[in-house]
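Structure first, then comments.
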Amino acid sequence: MTLLTVRDLTVEIGAARPVEGVSFEIAAGETFALVGESGCGKTLTALALLRLLPEAARIESGSIRFAGEELLALSEAEMRKRRGGQLGMIFQEPATSLNPVMTIGAQIAEALALHGGGASEAKAVDLLSAVGIPDPARRAREYPFQLSGGMKQRAMIAMALAGAPQLLIADEPTTALDVTIQAQVLELLARLQEARGMAMLLITHDLGIVAQQAQRVGVMYAGQLVELAPRTAFFSAPSHPYARRLFAALPAAGRRGRLQTLPGSVPSPAQRPDGCRFASRCDVALPVCAHEPPPWREIAPGQQVRCHLEEPRKVGAGGTAQSGAAVPEPPPATALLAVRDLAVHFPIRRGLLQRPVGWVRAVDGIDLELPAGRTLALVGESGCGKTTAGRAILGLQAATRGERLWQGEALKGLAPQRMQMVFQDPFGSLNPRLRVGAIVKEGNPTADVGALLAAVGLEPEMAKRYPHEFSGGQRQRIAIARALAVDPQLLICDEPTSALDVSVQAQILNLLVELQEERGLAYLFITHNLAVVEHLAHQVAVMYLGRIVEQGSVDEVMRTPQHPYTQALLAAVPRIDTSGKADRERLLVPGDPPSPAQPPPGCHFHPRCPRAAARCRAAYPEAVQLSATHGVRCFFPG
Amino acid sequence: MKFVLLWSDFLFFLLVAGGVIFGLWARRVEHQRAAWRKVGQSRVGMAAATVLVLFLAVALLDSVHYRERLPGEGEHYAVEVRSVLDALLTPLRTRPEKTYSAPLATHSFAKENIAGEGRDFPRLKFGGAHLGEALSRHGADIALRCAQGLGLGAVAGLALWLAGLPLRRRAPHLAWDAVFVTLGVFCLIAGPLAMLAQGYHVLGTDKVGQDVLYLTLKSIRTGLLIGTLTTLIMLPAAIFLGILAGYAGGWIDDVIQYLYTTLNSIPGVLLIAAAVLMMQVMIDTHPQWFSTSAERADARLLALCAILGLTSWTGLCRLLRGETLKLRELEYVQAARALGVSSGRILTRHILPNVMHLVIIAIVMDFSGLVLAEAVLSYVGIGVDPNTISFGTMINTARMELAREPMVWWSLTAAFVFMFVLVLAANLFADVVRDAFDPRLAR
Ligand SMILES: Nc1ncnc2c1ncn2[C@@H]1O[C@H](COP(=O)(O)OP(=O)(O)O)[C@@H](O)[C@H]1O
Ligand code: SF4
Ligand code: SF4
Ligand SMILES: [Mg+2]
């Protein structure tokens, strides 16, 4: 039975149409996933369904029928009853969606009262326990700031459930969460959905999540839907040229070397082409594509594609992997930089005299060896100390103890000619007041800006422009050029692609691989994205709460992980399985990472470890060397 | 004739020159140009700017000072220091009545014993003198002069509009309409005023018979000086200390924070009163420092600016410290540090240009507050020299006038209206500037 029918939905902001002619259906109990890159109109579509569009935007035309009722014809008062009632919603940022001055229990009770459930503390506590919050009675009396990110998102889900919705709209519900927490929340959503027979509109940019959660998929591009398909069909045979390029751009194991990339970027809502919106980036475009909007075609039962090609699947390069020839392994290298027992402790100051009352052990004694011309990936969840470790290795952050040896010689402070850093936020890493040329010359006034820009794939003429004229990916290229200007041998990359879309991420990863081959650069690649690690790294170090719990070559750590935490991390990543089957058999680690200000005694991982024994609570395990390169700190590896 | 360059004139011209240089620089720097273009596209902004420019023109005319050569042998100069504005307003300045007279009056405001005629309102010496005995023509004369003035104003406005056509063609995206409408309104007001002023005291006269319109026009320079020089004096300290505290951190930050917290916790008026009284004693005990009374009044005006500046840098300093703390952690500053760029260079290349918008917003926002502060301080007697004509001194004397029966209302009203227009224009302009420069409101 169809629960929601959207027909020709068009949203206008001024003269621009960020959502145009979107039509789809969601059946009762079904999960429909809307995927696409940022800015393609997913969020606006969801907000339009709820009639919660921002001030400037309005629904220009279309129809939204929900449970037999036309939502666009309802009065605002009636609509308010539907919202949070039959139509539940959860948003990306749990931190800003909860009222900071009300207890969690009171907020849920309020939602219950609004939707006729009768406000009662007991019911609120029931809901909290239904979303898997431990000790719900106590949590109900706490304020949002006392909850971790994962718990806040659970509380948001509990609030959305208060109205017993028939349709739950979830906009990037796990994007702000760590991968182990994401796995918990996704599992919870799937369980709740099954138990309550809810339908779900899941908005995400992560194809892995789609593969795992959805029954049907809609791909959005530049404000339009371009492909609608059942999950199995979509993952075994993605058909729209855009969808196929998206798959090819995904980094994954067994796909080392170059990723296929999409040239250019999404056209902005203000200047969209007449014909197919993907035409300028499509490698199989026909002459007609430039001026005539493509029609919908049904190419398989339930699978529709908006493309001029008769059989889009058959044309062009292979849909998924470009079976990249593996990067030739560089010869075993000597250590360029060795890090010994590096620690960074931040004081927690309290009181009038600002005396330290404790220490945050952000980095607590790590040993690393960075070989020349190779990539070492430092992996871990947010807050585990990756960034601090990178800054301390660079010398930006003073270390509490430990030393850094550059080819055997101890380093003091910064070594600008040897090591450089590329930062995460492409918008914060360039001074908006300087021209690109001046930015690139920052560390080396005699640098050849044109050559450097060309080396990172930009036009030399761009030196005259200001950063705001560039997209995120281009900015990241400029930041790389700036670092290369001083000709370093080691580049510390702190999550350089995590703020970028998949297709842009692929471009940057390719660039990094190329630069490594050409210049023999060594990378310390800090990331939480395991797929990127498998694609790029030669060696991997896994960090948990300030310490390295496992390190080794990429094959050793990714194929035969020995530490329970590494295993849990790998299991938590939603995988795309081309058969389209979701594997629900996953190892979920419970709970949240503890605070580095009060690490648990003994092995830091023991409160969440399925293998924990008495011994683990007593002492931190020493490193066990499993092979020449593979080391793990666990009493019971395997 | 001998030109006299008072210290405040010098600083004022310096400031204007600085403004011009800043303008030329801002034209070349893209983000500055973009922000100012936004100001230029705003109707309110351009109208307010036009009003401010008119005020500024009056103040500039009033800042070119000279001493007249006395007739006779040798190099002898008059003791009074005059300004170009004084010269332009000679008719207003040189036709004092005996005492109060109402706006446009022909007779004095108070009855007097007139020889042979008993007690009556005496005729004014100058106000309406041209009417002679034909007092019945008073109303018609006023109406005629108004009409002539309006005609003249309309012609002048039209001329300005024509003169402005090339400007419009060169920069068609700016809100020129607002400028020319404002100028037109100004012409239509100034025309009748000018015509009437030739025969009457348009805004009446004060206790010693001085023309109130003249006093108000002279007050403008004082107000503008206080509003701008004070900021100029405090700016270097506020920028330097604020950025230093935010960037260096540690004990430097502690010392600077301690300094401004302490200054801030002393009630401002108390501090200013103490400083002004000290300064007054100093000036009174060293009469040999000043060759004319104008120089003495000028020294006192500058000292007041300095004192106001000393007590008002803390707000901007605190703001800049906070912003620098934030910028310091930004990745482009981190990247510059990683590249081995020196701290001084980071401050000038990365921090300063990115806090400039706060400085500009602070300058324009503080201006109207300072104009008002001058009025308040002069009102309580710790402001400018009593001989300096300012809105504050006018309001101060109005205290007595309001207590009279019947009330003398025109001094206060004139001061109020002029100050209101000035402060309103400044505030509107400040709002537009803030909107254009505040990155949070951008896009
Ligand atoms: N309040 C707004 N004002 C102007 N443009 C907006 C607003 N909200 C979203 N947009 C624009 O609409 C487009 C679609 O945005 P959104 O739905 O948030 O995309 P997604 O969720 O897929 O990342 C983008 O180009 C975005 O810049
Ligand atoms: S319609 Fe043309 S341009 Fe668009 S996706 Fe299909 S082939 Fe490519
Ligand atoms: S030492 Fe014990 S608690 Fe720690 S990871 Fe190994 S098995 Fe788990
Ligand atoms: Mg979004």
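On the given criteria, is residue A:450 more than 14 Å from chain B (Cβ to nearest Cβ) and more than 29 Å from residue A:541 (Cβ to Cβ)?
In short, yes.
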Can you tell me which residue within the stretch A:507-555, out of those that are open to solvent by 40 Å² or more (accessible area, probe 1.4 Å) and in contact with a Ser or Thr (Cβ under 9 Å, 6 or more places away or on another chain), is nearest to ligand 3 (Cβ to nearest atom)? A:551
From the options B:414, B:338, B:373, residue that is touching a strand residue (DSSP E or B) at 6+ places or on another chain (Cβ under 6 Å) and buried (at least 19 other Cβ atoms within 10 Å of the Cβ): B:338
All positions within the stretch B:77-94 that are out of contact with any His (no Cβ under 8 Å at 6 or more places or on another chain) and of a type in the set (Lys, Arg): B:93
Residues located in the stretch A:472-496, provided they are open to solvent by 10 Å² or more (accessible area, probe 1.4 Å) and within 21 Å of residue A:204 (Cα to Cα): A:472, A:495
Please find, within the stretch A:287-309, the residue that is farthest from ligand 2 (Cβ to nearest atom) out of those that are open to solvent by 70 Å² or more (accessible area, probe 1.4 Å) and of a type outside the set (Asp, Glu). A:301
Is it true that some residue in the stretch A:83-93 is part of a helix (DSSP H, G or I) and away from ligand 1 (no atom under 16 Å from the Cβ)? no
Determine which single condition residue B:323 fails, assuming it passes every other condition in (1) touching a helix residue (DSSP H, G or I) at 6+ places or on another chain (Cβ under 7 Å); (2) under 28 Å from residue B:422 (Cα atoms); (3) charged (D, E, K, R). (2)
Residue that is open to solvent by less than 50 Å² (accessible area, probe 1.4 Å) and farther than 30 Å from residue A:181 by Cα, where the choices are A:84, A:68, A:21, A:14: A:21
Is it the case that residue A:52 is within 19 Å of residue A:160 (Cα to Cα), away from every other protein chain (no Cβ under 14 Å) and more than 16 Å from ligand 2 (Cβ to nearest atom)? yes
Among strands (runs of 3 or more DSSP E) entirely within the stretch A:170-267, at least 3 residues that are open to solvent by less than 40 Å² (accessible area, probe 1.4 Å) and within 16 Å of ligand 4 (Cβ to nearest atom) occur in A:199-204, A:216-221
The lone exception for residue A:425 - which of (1) open to solvent by less than 10 Å² (accessible area, probe 1.4 Å); (2) modelled with pLDDT under 90 it fails: (1)
In this structure, is residue B:257 modelled with pLDDT of 90 or more, surrounded by fewer than 19 Cβ atoms within 10 Å (Cβ to Cβ) and over 29 Å from residue B:220 (Cβ atoms)? yes
Could you check, for the stretch A:44-65, whether at least one of its residues is hydroxyl-bearing (Ser, Thr, Tyr) and within 27 Å of the chain's Cα centre (by Cα)? yes
Over the stretch A:461-471, the set of residues open to solvent by 60 Å² or more (accessible area, probe 1.4 Å) and in a helix (DSSP H, G or I) is A:461, A:464, A:468, A:469
Quick check on the stretch B:317-354: of everything there that is aliphatic (A, V, I, L, M) and touching a residue at least 24 places away in the same chain (Cβ under 8 Å), which residue is farthest from the other protein chains (Cβ to nearest Cβ)? B:319
Okay, strands (runs of 3 or more DSSP E) sitting entirely in the stretch A:360-443 with 2 or more residues that are more than 14 Å from chain B (Cβ to nearest Cβ) and of a type outside the set (A, V, I, L, M), I get A:401-406
Determine which single condition residue B:291 fails, assuming it passes every other condition in (1) open to solvent by 20 Å² or more (accessible area, probe 1.4 Å); (2) assigned to a helix (DSSP H, G or I); (3) out of contact with any Ser or Thr (no Cβ under 6 Å at 6 or more places or on another chain). (2)
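Among the listed residues A:33, A:46, identify the single one that is within 15 Å of ligand 1 (Cβ to nearest atom), within 29 Å of residue A:268 (Cα to Cα) and touching a helix residue (DSSP H, G or I) at 6+ places or on another chain (Cβ under 8 Å).
On the way: A:46 fails: touching a helix residue (DSSP H, G or I) at 6+ places or on another chain (Cβ under 8 Å).
Among A:33, A:46, only A:33 is within 15 Å of ligand 1 (Cβ to nearest atom), within 29 Å of residue A:268 (Cα to Cα) and touching a helix residue (DSSP H, G or I) at 6+ places or on another chain (Cβ under 8 Å).
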Can you give me the number of residues within the stretch A:612-635 that are part of a helix (DSSP H, G or I) and in contact with a His (Cβ under 7 Å, 6 or more places away or on another chain)? 2
Of all residues in the stretch A:143-169, which are in a helix (DSSP H, G or I) and either β-branched (Val, Ile, Thr) or over 16 Å from residue A:107 (Cα atoms) (or both)? A:149, A:150, A:157
Only residues that are assigned to a loop (DSSP other than H, G, I, E, B) and buried (at least 21 other Cβ atoms within 10 Å of the Cβ): list them for the stretch A:105-142, please. A:131, A:133
For the stretch A:269-292, give me the residue count where each residue is touching a strand residue (DSSP E or B) at 6+ places or on another chain (Cβ under 6 Å) and either among the small types (Gly, Ala, Ser) or without any contact (Cβ under 8 Å) to a residue 40 or more places away in the chain (or both). 1
Residue list for the stretch A:274-285, restricted to those being within 24 Å of residue A:249 (Cα to Cα), open to solvent by less than 70 Å² (accessible area, probe 1.4 Å) and either part of a loop (DSSP other than H, G, I, E, B) or among the basic types (Lys, Arg) (or both): A:276, A:277, A:278, A:281, A:282, A:284, A:285
Looking at the stretch A:596-611, which of the residues that are outside any loop (DSSP other than H, G, I, E, B) and either of a type in the set (S, T, N, Q) or more than 7 Å from ligand 3 (Cβ to nearest atom) (or both) is least open to solvent (accessible area, probe 1.4 Å)? A:608
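The values are calculated or read from the model by the stated rules, or taken from the named source; none is laboratory data. What you are looking at is a predicted structure, and each value in this text was computed from that prediction instead of being measured. Using ideal geometry, Cβ is built from the backbone for each residue, glycine included, and neighbour counts are taken over all protein chains shown. Each accessible area value is taken on the protein alone, full model and side chains, heavy atoms only, with ligands, DNA and RNA left out. Shrake-Rupley method; radii C 1.70, N 1.55, O 1.52, S 1.80 Å.
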